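Nothing in this text is a laboratory measurement; each read-out follows from the coordinates by a stated rule. Because the structure is predicted, anything quoted here is derived from the model rather than measured. Here Cβ is always computed from backbone atoms with ideal geometry, including for glycine, and neighbour counts include all displayed protein chains.
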Amino acid sequence: MIDISNVNKWYGNFQVLTDCTTSVKKGEVVVVCGPSGSGKSTLIKCVNMLEPFQKGTITVDGISVGDKGTDLPKLRSRVGMVFQHFELFPHLTITDNLTLAQIKVLGRSKDEAMAKGLGLLDRVGLKAHAHKFPGQLSGGQQQRVAIARALSMDPICMLFDEPTSALDPEMINEVLDVMVELAQEGMTMMCVTHEMGFARKVADRVIFMDKGHIVEDCTKDDFFGTP
Ligand code: ADP
Ligand code: ADP
């Protein structure tokens, strides 16, 4: 599903990624961990072209990423992304946050987008908050809306970039629970996270990065030692 081959990236003279190679199969959950500044966030941002890379190749479900010819709207609608900061549109209601891209990018009717959005909002336990603005929700609730918004595009895979690290401790589990459920339903996922409990529970593989290199890429059992 996601194939990353010999990816190298520089910020000026600073090499942030060196010969990164890995792949994520359909239905696989891969957790990316490693010290701060090791390039985890940059690597997953290369997958949906939020960051350009200078050398190597990435394909997502056969779509080649990083070429001049990449169909960016198509790529971005297939690859759902959830960030550390929720990045909901603050001036739009939760409902409008959930329907905007469905209408503008996928061309769905307002009713269709609304039905889909409200269904997903229900699924993340927030149906009663549809009419509110993001600022009226807690961080954990906003992050669940962000996940619902990504899912509203019917992505074939999901990228998570430290989705719980900006949250108060008591809100972390409500977000992880949604992610665990997604993983158990067979969503293909690549997750940058420090939540090793999540990794133990649902990861098929764990990638460990250090100084821009993938220094380990192994099954969960190999990573954690015992099954
Ligand atoms: P991680 O997600 O593992 O914490 P990042 O991918 O965010 O690491 O960053 C890797 C390294 O690249 C860090 O040293 C960071 O300071 C640097 N970096 C990230 N973005 C930029 C940028 N836009 N320009 C220059 N350096 C950057
Ligand atoms: P994240 O890990 O979620 O990407 P960061 O705080 O690492 O968040 O980065 C936030 C923004 O700042 C990103 O757009 C990143 O590219 C940029 N950035 C990070 N480190 C540097 C740096 N050393 N020099 C310039 N820009 C940077």
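Numbers below:
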{"item": "Space enclosed by the convex hull of the alpha-carbon atoms of region 136-227, per residue, Å³", "result": "116 Å³"}
{"item": "Neighbour cut-off at most 11 other Cβ (10 Å), DSSP loop, GluC sites (Glu not before Pro), region 106-205", "result": "Glu185"}
{"item": "Cut-off under 5 Å, modelled amide H: who pairs with Lys55 long-range", "result": "Asn8"}
{"item": "Other-chain or far-sequence residues with amide H under 5 Å of Cys157's (modelled H)", "result": "Gly80"}
{"item": "Reciprocal of mean inverse Cα separation for the chain (Kirkwood radius, Å)", "result": "18.0 Å"}
{"item": "Within straight-line cross-link reach of Lys127, lysines at Cα separation under 19 Å, skipping those fewer than 8 residues along the same chain", "result": "Lys110, Lys116"}
{"item": "Against the rule of thumb 2.2 N^0.38 Å, how large the Cα Rg of region 25-98 comes out", "result": "1.28"}
{"item": "From phi via Karplus (6.51, -1.76, 1.60), per-residue ³J(HN,Hα) for region 20-26 in Hz, x at Gly/Pro", "result": "7, 9, 6, 8, 10, 7, 4"}
{"item": "At R0 = 45 Å, FRET efficiency that the Cβ-Cβ distance of Val180 and Asp111 yields, to 0.05", "result": "0.90"}
{"item": "Size of electric dipole in region 94-227: Cβ of Lys, Arg +1 and of Asp, Glu -1, about Cα centre, debye, nearest 20", "result": "560 debye"}
{"item": "Charge dipole (debye, nearest 20) of the chain; +1 at Cβ of Lys and Arg, -1 at Cβ of Asp and Glu", "result": "600 debye"}
{"item": "Net dipole in debye of region 1-56 [+1 Lys, Arg Cβ; -1 Asp, Glu Cβ; about Cα centre; nearest 20]", "result": "60 debye"}
{"item": "Nearest-ten-degree value, helix 169-184 long axis tilted from longest Cα axis of the chain", "result": "80 degrees"}
{"item": "Entries of Lys40/Lys132; Lys45/Lys201; Lys9/Lys132; Lys45/Lys104; Lys104/Lys211; Lys104/Lys132 with Cα pairs more than 29 Å apart", "result": "Lys40/Lys132; Lys9/Lys132; Lys104/Lys211"}
{"item": "Semi-axis lengths (Å, descending) of the ellipsoid that matches the C-alpha gyration tensor of region 57-156", "result": "26, 15, 11"}
{"item": "Over region 97-193: Rg over Rh, Cα atoms, Kirkwood Rh", "result": "0.95"}
{"item": "Long-range HN-HN contacts of Asp61 with modeled amide H, under 5 Å", "result": "Ile2, Asp3"}
